[in-house]
Ligand SMILES: Nc1nc2c(ncn2[C@@H]2O[C@H](COP(=O)(O)OP(=O)(O)O)[C@@H](O)[C@H]2O)c(=O)[nH]1
Ligand SMILES: [Mg+2]
């Protein structure tokens, strides 16, 4: 199975901290300096989902293969893209508009990095902190994406609507084809039509306003987004973060810069910090300058104690668990040892959409295993489950199949 089923896009106007967020998120934990999952392209890399590993609960020592386990915390690689900075008019190709759209096209969910300190104007130029209203940035990103989608659909909308009503092909199939390059699938389109309260049988009757409603619903469904209210270390961000929470988006207070500093210090073994931790200890006092010690102390007091975490890991987790509704499951072959055929205990953690069944998991492991599915065993209660069993977060599952992996 491809582990990188979903792609997370880091978006926003220039200078909000997108690249800082991306660098922090994709900096491999020290334990895996030679890990095969590193940066793919300059702006494409591997970040991690953080989840409590099941090995403690099952009282076993694990040998993770597709992921990592550090002190009982499972870190599962996921792919991320640092999108080009967005400026007003991008949908018409302004600025790096075309590059931005090409990147966002592939993304399944978006983290909008907003400069909550209001220290950058709408184009991303540096201004006095507190002088720009970040709520405008939220609105503007929505408009850009809507306009872009609208441009794609509007071109042959009347023709599409007539074809749909002629009964040759339905509207869903037509739209799916039209939007296939945007990682937009039929269920997204179904959902958007339903949410907009429209009739897919009668698209010629859709008004201009109906079409806008549909596109707005489609954006929310196909490119779900949360806000990382970045630069919380700067004073004006506090009030703005509260205001951003009225925007109908999930908002995670965040400081990408602090996360990057902590991960770099951890990489060098100076502190014992794991992505998403709410505290750390200094391990090598003698290797730190007074200034570095002071900086770390400030992060501890002003960020970790005050906000709980830097928010970077939390934003990634929320994107997967809340926006995309994913869960983590651990497939194993040997239900007694919770191991694969080589004896590796709890080798893999799969990130799958909520609703995935035991049979679908079998197919994800290998087509043959899916085809030969007989039954599965859920390890916690050691009970037999059928093909329609809907997997739960942190399930450990063994599939019994008539066929073996080739
Ligand atoms: N104060 C503060 N500055 C930050 C933070 N994150 C990023 N920055 C700064 O914001 C500027 C732009 O960051 P960058 O990541 O290049 O932004 P991008 O254009 O959105 O990719 C840089 O000077 C960063 O150091 C943060 O959490 N707090
Ligand atoms: Mg950048």
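Coordinate-derived values only; no laboratory data. Every value quoted in this text rests on a predicted model; they were computed, and no experiment measured them. FYI the Cβ positions are ideal-geometry reconstructions off the backbone, even for glycines, and counts take in every protein chain you see.
Work out, in µm²/s and without decimals, the Stokes-Einstein translational diffusion coefficient of the stretch 174-219 at 25 °C, 0.890 mPa s, Rh from Kirkwood over C-alpha pairs. The Stokes-Einstein estimate is 230 µm²/s. Cα-based values for the stretch 192-305, radius of gyration first and Dmax second, are 22.4, 73 Å.
Measuring how big the stretch 252-398 is from its alpha-carbon positions, Rg and Dmax come out at 20.7, 63 Å. The calculated P(r) of the stretch 136-241, using every Cα pair and 10 Å bins from 0, goes 14, 43, 23, 12, 7, 2 in percent. Overall, the anisotropy analysis places the stretch 56-180 in the oblate class: the square-rooted eigenvalues a ≥ b ≥ c of its C-alpha gyration tensor yield a/c not less than 1.5, with a/b not exceeding b/c. Radius of gyration over Kirkwood radius for the stretch 320-406, both on Cα atoms: the Rg/Rh ratio is 0.95. The residues 294, 302, 223, when put in order of fewest to most other Cβ atoms within 10 Å, stand as 294, 302, 223. Find the centroid of the Cα atoms in the stretch 358-393 and in the stretch 238-317, then give the distance between the two in whole Å. Centre-to-centre distance over Cα atoms comes out at 39 Å. For the chain, adding -39500 (n - 2.57) for each run of n ≥ 4 DSSP H residues and dividing by the number of residues yields -9500 deg cm²/dmol at 222 nm. Against the empirical curve 2.2 N^0.38 Å, the C-alpha radius of gyration of the chain lands at a ratio of 1.08. If you take every DSSP beta bridge fully contained in the chain, what fraction is antiparallel? Give it as a percent rounded to 5. Here the share of antiparallel DSSP bridges comes out near 60 percent.
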